Structures are given as structure tokens and as C-alpha cells.
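The values are calculated or read from the model by the stated rules, or taken from the named source; none is laboratory data. Since the model is a prediction, treat every value here as computed from it, not as a measurement. A quick note on method: Cβ atoms are made from the backbone with ideal geometry, for glycine too, and the neighbour counts reach across all protein chains shown.
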Amino acid sequence: MNGFLYGVVLQWKLDLRSRTMLITCYAVPLLFFAVMGGIFTSVMPESKETLIQSMTVFAVTMGALIGLPPSLAEIYRSDVKNAYQANGVPLSLGLILTNLSAFFHLLVMSFILYVIAPIAFDVKIPEHPEIYWGGLVILIAASLGIASLIGLAVKDTANTSMFSILLFLPSTMLSGIMFPVDLLPKPFEIAGKLFPAAWGYRLMLESTFTGHTLWPLIVIFLAAVVLCCILLKKIRTR
């Protein structure tokens, strides 16, 4: 119990001083929403039907893929790891707490967009909020799973951000939030389906949960969990 409390307190302190989390989970998504929301609704009035979903997918993808890996690298590639072990804290707790913290921040950011988008741009609120929020939760979980793999797998802390950006760019550009995926060349359309953003965006637009869009996200999440467990075992033996 003492080890758990120590891990919670340590994670809280890391979150408070993390500028990366603040920038990627709040500042950049809000700035992108303010600029691109105005452009989309002016150039393509029909985008008011899906603006909340598209801006939310961007915010979740950025906050997860770019915000989480540096936090994990700070734990497992620094003296924080030694502090965990010295105080009897399981190394897995660091992964769990950082994911819970990121999950909370991304959920808050998504709620902010959900509230201010109709006020700022007179956009349409999702007709099926239960599907929207359910799909959002699954999207966040799958995105954080991929982000956790980056944070645990990349050995050089300096390269963590580079790998994050390399996944973030195709994840957003090929997801359908910028333009319809039908306009993409077939190889790019197929490549986009490898990322959670594409499936999460489709799921949040649907009127009901369907296996066609739900199962890919679940498979991505479960695969990420298994791989993270393997990587944690390797980190323990170092």
C-alpha cells in the first residue's frame, strides 16, 4: 500500500511539472480547433455535422502519441525507475498511473471540445451521445496503448519524440478527419486502417456499435497490452 501511495504521489508531481502534457493535451488541440474549426466550417459548411468528432480525434491522437511517450521515458529511462524499485513500487505501476493520468486529461479535453464547439461554430452535437462517448473511451484506450509501446520500446529518450511524430502524422492525415478517405489512393486508405484514429472516427460517427469498427480498436488495444507486458519484463531485467 505504501508503494502504491508513493507511486501516486510521484506521478502527481511529474504531471504538475510536465509541460509536454499541458501543451499536447490542451494548448495545441485548442489552438488547432480555433483555427481549423473556423476554416472547415467556412470552406465546407457540411463539416459542421462532424466537426466535434474530427477535432476530438485530433486532440486524442496528439495527446496520446506525442504527450504520453515522453512521460514514460522519464520514468523508465531515468533515476525515477530506480526510485520506484528502491521504494518497493512495481514498475508496472508507473505505466498504469501515466496512462490513467493521460486518459483523464484527454477525456477532459474532449469534454471541453464537446461543449464549446456548438457555441463557437454552431456545429451539430452528435445524435447518439452514448455511441460518441463509448467510442471515445475505446479510442483513447487504443491510442494510449500504441503510445505506451513507443514510450517503453524506444531506448534512446531523445528519439522518443521523433517516433511519436512519425506515427502521429499518418495517423491523423489518413484517418478521414481532414478529408474523406475515399479521396486517398488505395494504399494510403489501407495504411490509415492500421491506426486507431481512423476506426475511432468512424465509430463515433455511427448510430450504433458495430463489429466492423469496434473490433479493430479492441484488437489494437489488446495487442498493445500484451506487448507492453513483454517490454516491462525486459525493462525489469536491465
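Things worth noting here:
- Counted residues, the range 21-39 - those being touching a residue at least 60 places away in the same chain (Cβ under 8 Å), surrounded by fewer than 24 Cβ atoms within 10 Å (Cβ to Cβ) and over 24 Å from residue 96 (Cβ atoms): 4
- Residue check for residue 194: of a type outside the set (Phe, Trp, Tyr), surrounded by 13 or more Cβ atoms within 10 Å (Cβ to Cβ) and closer than 20 Å to residue 63 by Cα: yes
- Residue list for the range 37-47, filter: over 16 Å from residue 110 (Cβ atoms) and of a type outside the set (Val, Ile, Thr): 38, 40, 42, 44, 45, 46, 47
- Filter result for residue 214 (modelled with pLDDT of 90 or more and more than 15 Å from the chain's Cα centre (by Cα)): yes
- Of all the residues in the range 202-216, those that are buried (at least 20 other Cβ atoms within 10 Å of the Cβ) and within 17 Å of residue 128 (Cβ to Cβ) number 3.
- Residue within the range 48-61 that is surrounded by fewer than 17 Cβ atoms within 10 Å (Cβ to Cβ), outside any helix (DSSP H, G or I) and either among the hydroxyl-bearing types (Ser, Thr, Tyr) or at pLDDT 80 or above (or both) present: no
- Looking across the range 119-155 at every residue that is surrounded by fewer than 16 Cβ atoms within 10 Å (Cβ to Cβ) and touching a residue at least 40 places away in the same chain (Cβ under 8 Å), the one that is nearest to residue 210 (Cα to Cα) is identified as 134.
- The range 188-212: number of residues that are assigned to a helix (DSSP H, G or I) and without any contact (Cβ under 8 Å) to a residue 40 or more places away in the chain: 9
- Taking the criterion of being closer than 22 Å to residue 218 by Cα, in contact (Cβ under 8 Å) with a residue 24 or more places away in the chain and either hydrophobic (A, V, I, L, M, F, W, C) or not in a helix (DSSP H, G or I) (or both), the residues of the range 156-187 that qualify are 167, 168, 174, 175, 176, 177.
- Check on residue 88, at pLDDT below 90, assigned to a loop (DSSP other than H, G, I, E, B) and surrounded by fewer than 18 Cβ atoms within 10 Å (Cβ to Cβ): yes
- Failed condition for residue 171, given (1) among the small types (Gly, Ala, Ser); (2) at pLDDT below 90; (3) crowded, with 22+ Cβ neighbours inside 10 Å: (2)
- Verdict on residue 115 being under 20 Å from the mean Cα position of the chain (by Cα), within 20 Å of residue 47 (Cβ to Cβ) and surrounded by fewer than 23 Cβ atoms within 10 Å (Cβ to Cβ): yes
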